[in-house]
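K.L.:
Got a structure for you, written out below as structure tokens; questions coming shortly.
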Protein chains: 2
Amino acid sequence: MPAPRFLIVADGDFGPMTSKTANSVIRYLPDRTVAVLDREHAGKTVQDVLGFGGAIPIVASMRAGLNLGPTAVLIGIAPAGGRLPDEWRTWLAEALDAGCDLWNGLHSFLGDDPLLASKSKASGRKIFDLRKPPADLPIASGAAKAVEPYVVLTVGTDCNVGKMTAQLQLARELNASGLRTRFVATGQTGIMIEGWGIAVEAVVADFIAGAAERLVLQASDDADIVLVEGQGSINHPGYSAVTLGLMHGSCPDAMILCHQSTRQYIGDYREAAWLRIPPLADYIRLYETMGSVVHPTKVIGISLNTYDMSEDAARRACEAATRETGLPATDPVRFEAAPLLDAIHRGRQAYLIARKGLVTA
Amino acid sequence: MPAPRFLIVADGDFGPMTSKTANSVIRYLPDRTVAVLDREHAGKTVQDVLGFGGAIPIVASMRAGLNLGPTAVLIGIAPAGGRLPDEWRTWLAEALDAGCDLWNGLHSFLGDDPLLASKSKASGRKIFDLRKPPADLPIASGAAKAVEPYVVLTVGTDCNVGKMTAQLQLARELNASGLRTRFVATGQTGIMIEGWGIAVEAVVADFIAGAAERLVLQASDDADIVLVEGQGSINHPGYSAVTLGLMHGSCPDAMILCHQSTRQYIGDYREAAWLRIPPLADYIRLYETMGSVVHPTKVIGISLNTYDMSEDAARRACEAATRETGLPATDPVRFEAAPLLDAIHRGRQAYLIARKGLVTA
């Protein structure tokens, strides 16, 4: 299908810290974003509100947005309360009538809404409910350990520390350098950006690893390097299951550990200040141990998220992470990605030599 | 509700090694099992086929079974191909008409079948689809770490090594000794035996730990000891996510490691002889490390499944496990459970002292 042009719905919650999905789509697909619908900031540009995104307009109504010629309407925020507001339903029906597809990453599926389902049928436009897992997922067989490309998984000290962003940045630079690199999306935002993937957190427990395995096999068809978007954290009480299933299904040859330098406690439990984030070296040991029970793997670099630090403090945080772990460390969005790219190149060379040895032996 | 009296459907697949669900229900609820429906062995007793179960009759038809006065029909095997055979559907409709509830642990839900749903409605009898998770599960909050009872989780070297059976055996003996002990069922067979629980493997990934947490909180209301049925194994590529989510949600104070002594490879991958089962000491380190990132926990004993060994070899396997790990080891079904009961008593004493220290400090 031709690349979609998005009108992003972020009504009432558009901002640098609130509309995570909208913001990621705008950051990575600015040329495919025709407008943002948000009555609060209507009339401004996306740049005015986010500090990036250039002249993309913010409009006050679905009609105004549709007039700019999108081919798809994308839900860019979670509505308060989690339920689809009646007003949004009317807008989305209008969008289907106008010939747009719908892209939705909410837990509730638009395809289950009778009005939208019938509009979709009548207009022939598609509803993509991105959290809806495929019906035929397998139990993991271990097949991902044998794929040809070098597989790198991002792992984290917590949720929401930059595991997707690091991989998108690295994929872009590796592809620019001539290595065929596939990004494997495992969450709704990554799927919106990449156009395919599975939201593994929405998969039934028995099939988490199987979903990761299927994605890696699919990405490996035509790639030198496969970069898998990680989820959660191995010591996050709510999400560690997803993290481990993703590791054991994707069988990474290497991992990049992602951390937000200023964060001290596992995020969702910060109020209780319950679980202090242990040193990076502890995470490296945990991830290497737990990954290697299924497929040998190493942490090869540290990706820091320093968005809330001065440049000076951020540079010092990178140096401290290297001192602490002996591994290359950078903020690949803010600074040069080269330390991580070099680590991937070196790791892949060693992998190819070992693999050739295995093949010829 | 009054305790159900079961007619168990195991048609075509009733036997010591095949009908795992039926056999467990019969082992733990012989007084509540009125008959087994299996045309192949009809006319024999359950004892004739399984080697236990006494005079429970095996009948050749639903009608013959219903005449024995069950209050519920329980699906005791997975039909070949996974789909409900048309013949079974007819039988189950007949059972609803006769005033029986249905208990079903299959992946496919009987409540979704239009015929059975309408029969259920008309007769006022209930369909219990035991793998259907509650709709309102939370993300784990860590609340299970603060419950008063001593929480013990069984963990394993593989699937299907006796994690449920060990806990049922220990629960029975602890209750007999006067300690209020609750068994927490996390799989369909355990739910059938206990009458409540959640099949955590059928829960959407984000809520695995939340489901375990809810079960432990519920069991803790009125108990001195809570015994949680473990699932999968920390190094099983297909099921490790469920294992870890269950650990992090249930926050066990102690763990019992379950192993089938003759098994050498992780089960489902045996043909490929891919993943050799590492030494018990490795599992102890993995489970203690991974559990303790959320709540401090120790392996306090080894539960061996020795059903396929001579008595002599089984005794030697228990001794070897103790030598290897320094922990008490027994087959609690075949031999005395005392070594594990003692370990629980000792662990609980230390837990109560530490807890009292915390409370008074």
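K.L.:
Give me a comma-separated list of calculated 3J(HN,Hα) values for the range B:240-249, in order, Karplus coefficients 6.51, -1.76, 1.60 applied at θ = phi - 60°, integers in Hz, x for any Gly or Pro.
P.N.:
Values per residue, Gly and Pro as x: 4, 4, 4, 4, 6, x, 5, 4, 6, x Hz.
K.L.:
Given H placed 1.01 Å from N in the peptide plane, which residues other than close sequence neighbours of A:Leu37 have an amide H under 5 Å from its amide H?
P.N.:
Hits under the 5 Å cutoff: A:Ile8, A:Val9, A:Ala10, A:Val59.
K.L.:
Another question about this same structure. Counting Lys and Arg as +1 and Asp and Glu as -1, what is the net charge of the other residues whose Cβ lies under 14 Å from the Cβ of B:Asp282?
P.N.:
Every neighbour counted, the sum reads -1.
K.L.:
Can you tell me what the convex hull of the Cα atoms of the range A:99-220 projects to on average, as an area in nm²?
P.N.:
9.3
K.L.:
Measuring label to label, 7 Å along Cα→Cβ, what does B:Arg83 give against each other copy in nm, shortest first?
P.N.:
3.8
K.L.:
Over all alpha-carbon pairs in the protein assembly as shown, figure out the percentage whose distance exceeds 50 Å.
P.N.:
More than 50 Å apart: 19 percent of the Cα pairs in the protein assembly as shown.
K.L.:
A:Cys258's amide H: which non-local residues (gap 5+, or another chain) put their own amide H closer than 5 Å, with H modeled 1.01 Å from N in plane and none for Pro or chain starts?
P.N.:
A:Val155, A:Gly156, A:Thr157, A:Ser303
K.L.:
Let me ask something else. Aspartates and glutamates within cross-link reach of B:Lys119: Cα-Cα under 12 Å, excluding same-chain residues under 8 positions apart?
P.N.:
Once the sequence-local aspartates and glutamates are set aside, what remains near B:Lys119 is B:Glu94, B:Asp97, B:Asp101.
K.L.:
In what sequence do B:His248, B:His295 fall when counting other Cβ within 10 Å, fewest first?
P.N.:
So the residues, fewest neighbours to most, are B:His295, B:His248.
K.L.:
Relative to the other copies, what are the label-point distances for A:Asp342, with labels 7 Å from Cα along the C-beta vector, expressed in nm at one decimal and sorted shortest first?
P.N.:
Result, one decimal in nm: 6.0.
K.L.:
Going by how many other Cβ atoms sit within 10 Å of their own, how do A:Trp88, B:Trp196 line up, fewest first?
P.N.:
B:Trp196, A:Trp88
K.L.:
Shifting gears a bit: For the range B:164-222, what mean projected area does the convex hull of the alpha carbons give, in nm²?
P.N.:
Here the figure is 4.0 nm², rounded to one decimal.
K.L.:
Apply the Karplus parameterisation 6.51 cos²θ - 1.76 cosθ + 1.60, with θ equal to phi minus 60°, to every residue of the range B:218-226 and state each ³J(HN,Hα) to the nearest whole Hz, in sequence, with x for glycine and proline.
P.N.:
5, 5, 7, 3, 8, 9, 8, 9, 10
K.L.:
What is the Cα coordinate range of the range A:78-143 on the first, second and third principal axes, sorted by size from largest, in whole angstrom?
P.N.:
Taking the Cα atoms of the range A:78-143, the three principal extents are 45, 30, 16 Å.
K.L.:
When a/c is below 1.5 the answer is rounded, else prolate if a/b is larger than b/c, else oblate, so apply that to the range A:259-318 with a ≥ b ≥ c taken from the square roots of the Cα gyration tensor eigenvalues.
P.N.:
oblate
K.L.:
With the Cα gyration tensor of the range A:1-140 giving a ≥ b ≥ c as the square roots of its eigenvalues, does the rule (a/c under 1.5 for rounded; else a/b larger than b/c for prolate; else oblate) give rounded, prolate or oblate?
P.N.:
Judged from the Cα gyration tensor, the range A:1-140 comes out prolate (a/c at least 1.5, a/b above b/c).
K.L.:
Using only C-alpha positions, report the orientation-averaged shadow area of the convex hull of chain B, nm², one decimal.
P.N.:
Averaged projected area of chain B's Cα convex hull equals 18.6 nm².
K.L.:
OK, next. Can you compute the radius of gyration and Dmax for the range A:1-70, using only the Cα atoms, both in Å?
P.N.:
Rg and Dmax of the range A:1-70, Cα atoms, are 10.8, 33 Å.
K.L.:
For an R0 of 41 angstrom, estimate the FRET efficiency from the Cβ-Cβ distance between A:Ala320 and A:Tyr351 and round to the nearest 0.05.
P.N.:
0.90
K.L.:
Now, a different point. Starting from the Kirkwood Rh over alpha-carbon pairs, what translational D in µm² s⁻¹ does the range B:302-361 have by Stokes-Einstein at 10 °C and 1.306 mPa s?
P.N.:
Using the Kirkwood radius from Cα pairs, D works out to 123 µm²/s.
K.L.:
Amide H neighbours of A:Ala329 under 5 Å, at least 5 residues apart or on other chains, H built in the peptide plane: list them.
P.N.:
A:Ile302
K.L.:
A further question follows. Using just the helices of chain B, give the 222 nm mean residue ellipticity in deg cm²/dmol: DSSP H runs with n ≥ 4 each add -39,500 (n - 2.57), and the total is spread over all residues, rounded to 500.
P.N.:
Calculated at 222 nm, the ellipticity per residue is -11500 deg cm²/dmol.
K.L.:
How big is the charge dipole of the range A:165-265 about its Cα centre, in debye rounded to the nearest 20, if each Lys and Arg gets +1 on its Cβ and each Asp and Glu gets -1 on its Cβ?
P.N.:
Dipole size: approximately 240 debye.
K.L.:
Further, regarding this structure: With springs only between Cα atoms under 10 Å, which of B:Asp224, B:Asp31, B:Asp11 fluctuates most in a Gaussian network model of chain B?
P.N.:
It is B:Asp31.
K.L.:
Put the label 7 Å from Cα along Cα→Cβ for A:Gln264; what are its distances to the other copies, in nanometres, shortest first?
P.N.:
5.4
K.L.:
Tell me which GluC sites (Glu not before Pro) from the range A:293-350 have a DSSP coil assignment and no more than 15 other beta carbons within 10 Å of their own.
P.N.:
Of the GluC sites (Glu not before Pro), the ones in loops of the range A:293-350 whose Cβ has at most 15 other Cβ atoms within 10 Å are A:Glu336.
K.L.:
If you don't mind, another one. What does the charge dipole of the protein assembly as shown about its Cα centre add up to, to the nearest 20 debye, if the Cβ of each Lys and Arg holds +1 and the Cβ of each Asp and Glu holds -1?
P.N.:
Roughly 300 debye for the protein assembly as shown.
K.L.:
Still on this structure: Report, in listed order, any pair from B:Lys126/B:Lys298; A:Lys145/B:Lys20; A:Lys132/B:Lys163; A:Lys20/A:Lys126 with a Cα-Cα distance greater than 30 Å.
P.N.:
B:Lys126/B:Lys298; A:Lys145/B:Lys20; A:Lys132/B:Lys163
K.L.:
Now a separate question. Report, in whole Å, the centroid distance computed from the Cα atoms of the range A:247-264 and the range A:193-229.
P.N.:
So the separation of the two Cα centres works out to 16 Å.
K.L.:
Give the distance, in whole Å, between the Cα centre of the range A:113-153 and the Cα centre of the range A:296-361.
P.N.:
About 31 Å separates the Cα centre of the range A:113-153 from the one of the range A:296-361.
K.L.:
May I ask you to evaluate 6.51 cos²θ - 1.76 cosθ + 1.60, the Karplus curve with θ = phi - 60°, for each residue of the range A:304-319 and list the ³J(HN,Hα) values in order in whole Hz, giving x for glycine and proline?
P.N.:
Once θ is set to phi - 60°, the couplings for the range A:304-319 become 9, 9, 10, 4, 9, 10, 5, 4, 4, 5, 5, 4, 5, 5, 5, 4 Hz.
K.L.:
Name the residue farthest towards the positive end of the dipole of chain B from the options B:Pro237, B:Ile266, B:Gly357, assuming +1 on Cβ of Lys and Arg, -1 on Cβ of Asp and Glu, about the Cα centre.
P.N.:
Farthest towards the positive pole: B:Gly357.
Only the coordinates and a few stated rules stand behind these numbers; no lab work does. The structure presented is a predicted model; accordingly, all values stated were derived computationally and were not measured. Note: ideal-geometry Cβ built from the backbone for every residue, glycine included; neighbour counts use all protein chains shown.
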